[in-house]
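A short reminder: the numbers here are calculations on the coordinates, not readings from a lab. If you're wondering where the values come from, they're calculated on a predicted model, not measured in any experiment. Neighbour counts run over all protein chains shown; Cβ positions are idealised from the backbone, glycine included.
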Amino acid sequence: MKTFKVGIVGCGNIFPMHAYPVNALDNTVIKAVCDIKEDRAMEKAKVFNCHSYVDYKEMIEKEDLDVIHICTPHYLHPPIMLYAAKAGLHVMTEKPMSIDFKDAKAMVEAAKENNVTLGVIFQNRYNPGSVLIKQTLASGELGNIISGKCSVTWDRSDSYYTNSDWKGTWDKEGGGVIIDQAIHTLDLMRWFVDSDLDYVDANISNRAHEIIEVEDSAEGVIKFKNGVITSFHAINYYGYDAPVEIELYCEKGIVKLQADTSIIRFNNGKEIKTKNNPNEIFSYGDVKTYWGVSHVKQINNYYQSLTDNKNPAITGEEAMKTQKMVCAIYDSGKQGKRIQFN
């Protein structure tokens, strides 16, 4: 079995959710880590007994890598991916794949042209509640989806932004509550509906933060080509991180996802329910306790796909569909008009 030599770019908050799962696999070895903050890179290199760099290009040139993981600020995802792809490396990047749709398309094309595999993290698709909903919809037991709605009401205080040199900016983060907090919930809703976009009509605004450029509030309508109309509401100035909610009204029942619990109530009285298994645990080191095992599941799937020479479950093409939706929300909100798709 091939052993994949891995480099990780970005040693910040999301780094452990990639490094520890990769380190736990039998067919991977972390060869190098990279961060523009040298002390941070050196600290992580000691933990994983590997080399450290401050320049990702130097890391790629000097290390005989097979895969890189991108855990950097959003705006750096495309240039790092494109450079790595041209060097023949497979790439797993954190969400969002980009902050501009044309960059997302360029990433997908670069993967094809260089025969490498691009994966994008949307780990919530691996939550048991999400899996149950997707499988039940696919079975046809619920009939067609008629409409849907989702809600994200979280708390990102001013200190959350002052502690970062890139959060809260259009040019580096690419947005606020939509691209950073609500993107996972919007991705799930799009994945459940599983249709191309018809139009997006949205409003965005900054209502409660004094120190950021980007939106802290967004709402709107997303209509899909299959006729399903969905609505969304997202804020990041609530008092705490309330459980995210998705509801799908279907011909034969109603689907409700709240945090990690899904409940499907059929019109005939049948009900099925699932939530995360408390016995499924994984240690990412000294990080917040709310991280579950879904990063592990997606990363494991990615490396299994490389071993089997198959596409991972979440490809660049699949992630680009959600990127298109997110960018359309921003285009609609900034332009004050509906974004229609052919």
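Quick notes on this one:
- Inter-label distance, SER283 to GLN304: 2.5 nm, where each label sits 7 Å from its Cα along the C-beta direction.
- Point-to-point label distance, ASP196-LYS134, nm (Cα→Cβ direction, 7 Å offset): 2.2 nm
- Per residue Cα convex hull volume in Å³ - calculated over the chain: 138 Å³
- Rounded, prolate or oblate (a/c below 1.5 giving rounded, otherwise prolate when a/b exceeds b/c) for the stretch 209-342 by Cα gyration tensor: rounded
- Angle of helix 101-113 to the longest C-alpha principal axis of the chain, folded into 0 to 90 degrees and rounded to 10: 60°.
- FRET E, pair ASP64, ASN268, Förster distance 45 Å, beta-carbon r, rounded to 0.05: 0.15
- On a per residue basis, the convex hull of the C-alpha atoms belonging to the stretch 4-122 measures out at 90 Å³.
- With a simple spin-label model that places each label point 7 Å from the Cα along the Cα-to-Cβ direction, the separation between ALA87 and TYR238 comes to 4.1 nm.
- The length gained on full extension between SER159 and ASN276, counted as 0.36 nm times the residue separation minus their Cα-Cα distance, comes to 39.0 nm.
- Whole-Å distance, taken between Cα centres, linking the stretch 282-324 and the stretch 157-185: 22 Å
- Computed [θ] at 222 nm, deg cm²/dmol, the chain (DSSP H ≥ 4; -39,500 (n - 2.57); rounded to nearest 500): -10000 deg cm²/dmol
- Among GLY88, GLY269, GLY119, the residue with the largest mean-square fluctuation in a Gaussian network model of the chain, with springs joining Cα atoms closer than 10 Å, is GLY269.
- Extension gain for SER205-ASN115 works out to 28.3 nm (0.36 nm per residue, less the C-alpha to C-alpha distance).
- Note on LYS321 and ALA24: the extension gain reaches 103.9 nm, defined as 0.36 nm multiplied by sequence separation minus the Cα-Cα distance.
- Applying 1/(1 + (r/R0)^6) with r as the Cβ-Cβ distance of TRP166 and ILE229 and R0 = 56 angstrom yields a FRET efficiency of 0.95.
- Cleavage-rule hits (GluC sites (Glu not before Pro)) in the stretch 171-214: DSSP loop, at most 15 neighbouring Cβ within 10 angstrom: GLU210, GLU213
- Cross-link partners of LYS95 among lysines, defined as those whose alpha carbon lies under 18 angstrom from its own and excluding same-chain residues fewer than eight positions apart: LYS105, LYS167, LYS172, LYS297, LYS321, LYS324.
- Of the residues VAL152, VAL91, VAL228, the one that moves most in a GNM of the chain with alpha-carbon contacts below 10 Å is VAL228.
- On Cα atoms only, tilt of 316-335 relative to the major axis of the chain in degrees: 60 degrees
- For the stretch 126-136, 3J(HN,Hα) per residue [Karplus equation, 6.51 cos²θ - 1.76 cosθ + 1.60, θ = phi - 60°, Hz, x = Gly/Pro]: 8, 5, x, x, 5, 4, 4, 4, 4, 5, 5
- Relative contact order (%) - the chain, alpha-carbon pairs under 8 angstrom, separation at least six: 19 percent
- The stretch 284-342: trypsin sites (Lys or Arg not before Pro) in DSSP coil with no more than 12 other Cβ atoms inside 10 Å: LYS288, LYS310, LYS337
- Folded to 0 to 90 degrees: helix 183-193 orientation relative to the chain principal axis, Cα: 60 degrees
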